[in-house]
Every structure is written in C-alpha cells, then in structure tokens.
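Enquirer: Before I ask anything, here is the structure I am working with.
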Amino acid sequence: MSEYFPDVPSIAYAGADSRDPLTFRHYDPDAIIEGQTMRSHLRFAAAFWHTMRNDLSDPFGSGTAIMPWDDGSQSLENAERRIEAFFEFLDKIDIDFYCFHDRDVAPEGSTVSESRANLEHMASVLERHQASSGRKLLWGTACLFSHPRYVHGAGTSCSVDVFAHAAAQVRSAIDVTHRLGGGGYVFWGGREGYSSLINTDMARERQQLARLLEMAVEYKHQIGFKGTFYIEPKPMEPTTHQYDFDVAACLDFLREFGLLDEFMLNIETNHATLASHSMDHELSAAAAAGVLGSIDANMGHEHLGWDTDHFPTDIYLTARIMRIVLAMGGIGDGGLNFDAKRRRGSFEPVDLFHAHIAGMDAFARGLKIAAAIRADRRLDEAIQARYASWDDGLGQDIMNGSCTLERLEAHAASIGEPSMTSGREEMLDAIFNDFIR
Ligand code: XUL
Ligand code: CO
C-alpha cells in the first residue's frame with residue numbers, strides 16, 4: 001500500500017553512520033535496553049490532529065501544508081481518505097500507536113445524534129485499519145474547545161446547556177475509545193478556565209468541572225472501559241488561566257474532589273514550560289505522587305512564549321525525560337505521543353516523516369543516554385550520599401514519628417554547628433554531559 005506517500009520508503013534503522021535522512025540513525029526498535037526493546041520502552045504515538053488536520057496556518061498566515069489526500073470538504077469520504085493516509089504513514093514510520101480527538105476523525109453533524117453517527121461510522125473505519133495494520137489507539141479525547149458554543153468553556157461554561165453538549169461529546173468519545181480498545185482517555189481542559197475574573201465565579205466553575213469528571217468516571221465503570229483516564233495540565237492558552245494549570249494544581253483538584261484514584265496525568269513538555277516549570281519538574285512531581293501516566297512529547301522554543309509544539313529534538317531533554325521514566329519502571333500503559341507540529345515552512349508530505357524521525361531518534365538517544373547514566377550509578381549515588389544522614393538513627397526516628405522537638409533541640413545543642421558539604425551541582429552537570437553522545 002503506497003498511495004499517499006509514494007516516494008517515501010518504509011523507514012528502517014540504518015545505524016548512526018547513515019547519511020540517508022529517511023532512516024533511523026538511533027531508533028532501533030528491536031535493540032534491548034535494560035532488558036526490554038526500544039519499541040516497548042518508548043511506545044511512540046502519532047497525533048491525528050497534527051499529522052492529518054494541521055494545515056500549518058498561524059495567526060498571520062494561511063495554511064501551507066500540502067495534503068493531496070484532503071479535498072478540504074467535511075464529507076465522510078474525505079474523512080475516510082485521511083484515515084487511509086494516516087495508516088499508511090503509521091505503517092511506513094513504524095509507529096505503533098495513535099491518538100485522536102473526536103472532531104479530528106469525524107465531522108461534526110448538525111445535531112448531536114448526527115455527530116454521534118459520524119463518529120461511530122469513522123470508528124468502524126478506524127477499527128478496520130487497526131485490525132489490518134496491528135496499530136493501536138493509545139488514547140482518545142473530545143475536542144471541547146473549537147466550536148463557538150464552548151466560547152465560555154465546556155464543563156466550566158456559564159451555560160448548563162453547553163455543559164450538556166460537552167457531556168454528550170465526552171460520552172460518545174469514551175464510547176468509541178472503548179470500542180477501539182484505547183489504552184486511555186484524555187481530558188485536556190482547552191477552555192476550562194477564564195478569560196477574566198471580572199465575570200467569573202471560579203468556585204462554581206471548578207465544581208462543575210469536577211461534576212463532569214465524576215459523571216465520566218461513573219460512565220466508564222458502567223460500560224466497563226478499563227483504560228486509564230488522564231488529565232493533561234496546561235496553565236493557559238487559549239484561556240488566560242486554566243484550572244489544570246500544572247501537576248500541582250491537578251493533584252490539588254483531584255484530591256479536593258476525591259478523584260485521585262481515578263486519574264493519572266498526561267504531561268506535555270511545552271505545557272510544563274508555559275507554566276514556568278521544566279519538564280523534569282512536572283514529571284518528577286507526578287512520579288512522586290504516583291500519577292505519571294503518559295507523555296505528550298514535544299518542546300517549546302526559548303524565544304517564543306506560547307505553545308509552539310515543536311518536535312522534540314533536544315537530546316538533553318529526551319535524556320532527562322527517559323531517566324525519570326526508567327527510574328519509575330517504565331511508562332506502563334501510557335506512551336510518548338508526538339503532540340508536535342511541523343514548522344510552517346516544512347509543508348511537504350515528506351516533512352511529516354522527517355519530523356517524526358527527528359523526534360524518534362532524539363528519544364532513542366535519550367533512552368540510551370539515560371540507561372548509560374543509570375548503569376554508571378554516579379549520579380544516583382550522589383543523591384543517595386547527599387541524604388545519607390537521614391538513613392539511620394535520628395533521621396529514621398524523625399521520619400517514623402518517634403522523635404520530638406525537645407530531643408531535636410538537645411541534639412542540635414550537643415553537636416554545635418553542623419558540618420556541611422557542597423552540592424557539587426556543576427560537577428554532576430559535567431558528568432551528565434559526559435553521556436551526551
Ligand atoms: C493542546 C494539547 C491538546 C491535548 C489533547 O495544547 O496539548 O492537543 O493534547 O486535547
Ligand atoms: Co497535548
């Protein structure tokens with residue numbers, strides 16, 4: 001099958017010396033790292049919205065992407081052709097998983113039931129392609145941010161009728177995700193926040209959002225969907241402030257509404273940096289709370305203060321991400337979803353391949369680097385040694401609750417000024433750098 005990308009071969013691993021840009025130089029799917037294949041560590045996914053629906057327009061100019069398979073219409077035939085092109089893409093790039101929003105794959109109808117019927121129809125097309133290709137759905141989601149009715153939010157809308165439309169969309173998106181055997185379902189609150197507090201009742205809006213999530217959880221159990229529910233934090237854009245601001249805000253929200261057992265987080269690099277956090281910060285915060293579920297793999301640009309969704313090509317970034325993922329014991333049922341778009345100037349179909357190759361090779365290198373750093377042990381041992389005073393005696397007594405302020409005062413008085421050692425930050429940075437190759 002080579003209809004839509006006739007000039008692109010199947011992309012294969014050709015080794016680090018390959019000069020052919022349509023090869024992997026580092027992603028060797030069957031190579032074993034820490035006892036597992038690269039393929040199963042990385043669990044790459046392609047995002048239907050960027051791959052098939054992003055025409056690369058920006059606020060200053062129209063779309064540039066050449067998409068010969070897309071006639072620009074809202075017809076079901078056009079939607080089916082996109083899916084055919086997408087599965088040819090997945091097959092040639094050798095990506096096992098994909099993710100979609102309901103409206104990416106199926107046109108919205110003029111009524112709720114027509115929208116549902118369109119989505120069900122496209123689900124049967126996806127089902128067929130999944131069966132013949134072996135590709136799988138990592139997660140599905142509902143687009144609750146594009147339609148004008150969601151101008152004031154979806155779950156957080158001031159209008160209960162809009163809330164009902166959002167609920168209808170969530171229900172049918174969960175249904176098709178379940179039907180397609182999706183590993184999870186994502187809630188990204190694109191407009192679940194506010195433009196201004198001058199007209200906003202924040203307490204109400206957060207409670208409404210919690211109700212939508214509670215009903216979704218109830219529904220999930222009712223239909224027997226076993227996939228994971230994820231919340232994807234993002235601090236702002238398109239709204240001024242989104243309630244799922246960052247990992248800490250999401251944890252607070254889930255705890256407040258008793259939803260922590262039902263959700264994991266899907267963490268995106270460019271959302272982390274928009275919140276003035278590093279990706280490592282967000283991943284570490286989620287991993288520490290046991291809710292690091294999946295990753296939207298992209299990156300921002302240091303000169304641009306918005307969600308630019310660049311393909312992740314920074315090897316330091318991928319090495320840091322994979323070090324946290326390996327330390328956690330792997331990404332589990334989640335994956336690395338390329339929520340990333342080509343630059344506007346990269347408009348040829350073949351650029352879809354170059355972009356994903358760049359991201360996949362960067363993550364393959366990150367994985368190898370992270371595994372080498374872990375095998376070397378110096379960085380992990382430095383952290384262990386830094387906290388050694390907590391490992392027995394007084395430290396243990398404090399942590400197990402058998403110590404008092406009086407005893408600590410007596411201890412402090414008896415030892416005088418504690419002897420302190422350097423944190424050796426730059427030395428450790430240099431050791432990390434030794435592995436970037
Ligand atoms: C938007 C974003 C979304 C979610 C899914 O910034 O990341 O595409 O990943 O709705
Ligand atoms: Co995302």
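The values are calculated or read from the model by the stated rules, or taken from the named source; none is laboratory data. The shown structure was predicted, so the numbers you read here are calculated from the model rather than taken from an experiment. Neighbour counts are summed over all protein chains in view; Cβ atoms, including those assigned to glycine, are modelled from backbone coordinates with ideal geometry.
Enquirer: Can you find a residue in region 159-178 that is among the aromatic types (Phe, Trp, Tyr) and under 24 Å from residue 125 (Cα atoms)?
Expert: no
Enquirer: Inspect region 360-383 for any residue being within 16 Å of ligand 2 (Cβ to nearest atom) and not hydrophobic (A, V, I, L, M, F, W, C) and give the result as yes or no.
Expert: No, region 360-383 contains no residue that is within 16 Å of ligand 2 (Cβ to nearest atom) and not hydrophobic (A, V, I, L, M, F, W, C).
Enquirer: Would a scan of region 11-21 turn up a residue that is surrounded by 12 or more Cβ atoms within 10 Å (Cβ to Cβ), part of a loop (DSSP other than H, G, I, E, B), acidic (Asp, Glu) and modelled with pLDDT of 95 or more?
Expert: Checked region 11-21: no residue is surrounded by 12 or more Cβ atoms within 10 Å (Cβ to Cβ), part of a loop (DSSP other than H, G, I, E, B), acidic (Asp, Glu) and modelled with pLDDT of 95 or more.
Enquirer: Within the set of pairs 6 or more residues apart or between chains, which connect a residue that is farther than 21 Å from residue 25 by Cβ inside region 333-362 to a residue that is in a helix (DSSP H, G or I) and within 16 Å of ligand 2 (Cβ to nearest atom) with Cβ atoms less than 7 Å apart?
Expert: The qualifying pairs are 339/50; 341/50.
Enquirer: When you go through (1) buried (at least 23 other Cβ atoms within 10 Å of the Cβ); (2) aliphatic (A, V, I, L, M); (3) within 16 Å of ligand 1 (Cβ to nearest atom) one by one for residue 304, which number turns out not to apply?
Expert: (1)
Enquirer: Out of contact with any helix residue (DSSP H, G or I) (no Cβ under 7 Å at 6 or more places or on another chain) and buried (at least 20 other Cβ atoms within 10 Å of the Cβ): is that true of residue 56 in this structure?
Expert: In short, yes.
Enquirer: Let me ask you something else. Anything in region 26-52 that is surrounded by 19 or more Cβ atoms within 10 Å (Cβ to Cβ) and farther than 12 Å from residue 368 by Cα? List them, or say none.
Expert: Once the filter is applied, which keeps residues that are surrounded by 19 or more Cβ atoms within 10 Å (Cβ to Cβ) and farther than 12 Å from residue 368 by Cα, region 26-52 yields 43, 44, 45, 46, 47, 48, 50, 51, 52.
Enquirer: Just give me the residues in region 239-296 being among the charged types (D, E, K, R), more than 23 Å from residue 202 (Cα to Cα) and more than 16 Å from ligand 1 (Cβ to nearest atom), in sequence order.
Expert: If the condition is that a residue be among the charged types (D, E, K, R), more than 23 Å from residue 202 (Cα to Cα) and more than 16 Å from ligand 1 (Cβ to nearest atom), then 261, 262, 280 are the ones that fit.
Enquirer: Just to be sure, is residue 99 at pLDDT 95 or above, assigned to a loop (DSSP other than H, G, I, E, B), within 16 Å of ligand 1 (Cβ to nearest atom) and in the same structural domain as residue 333 (by TED's automatic domain parsing)?
Expert: It is false that residue 99 is at pLDDT 95 or above, assigned to a loop (DSSP other than H, G, I, E, B), within 16 Å of ligand 1 (Cβ to nearest atom) and in the same structural domain as residue 333 (by TED's automatic domain parsing).
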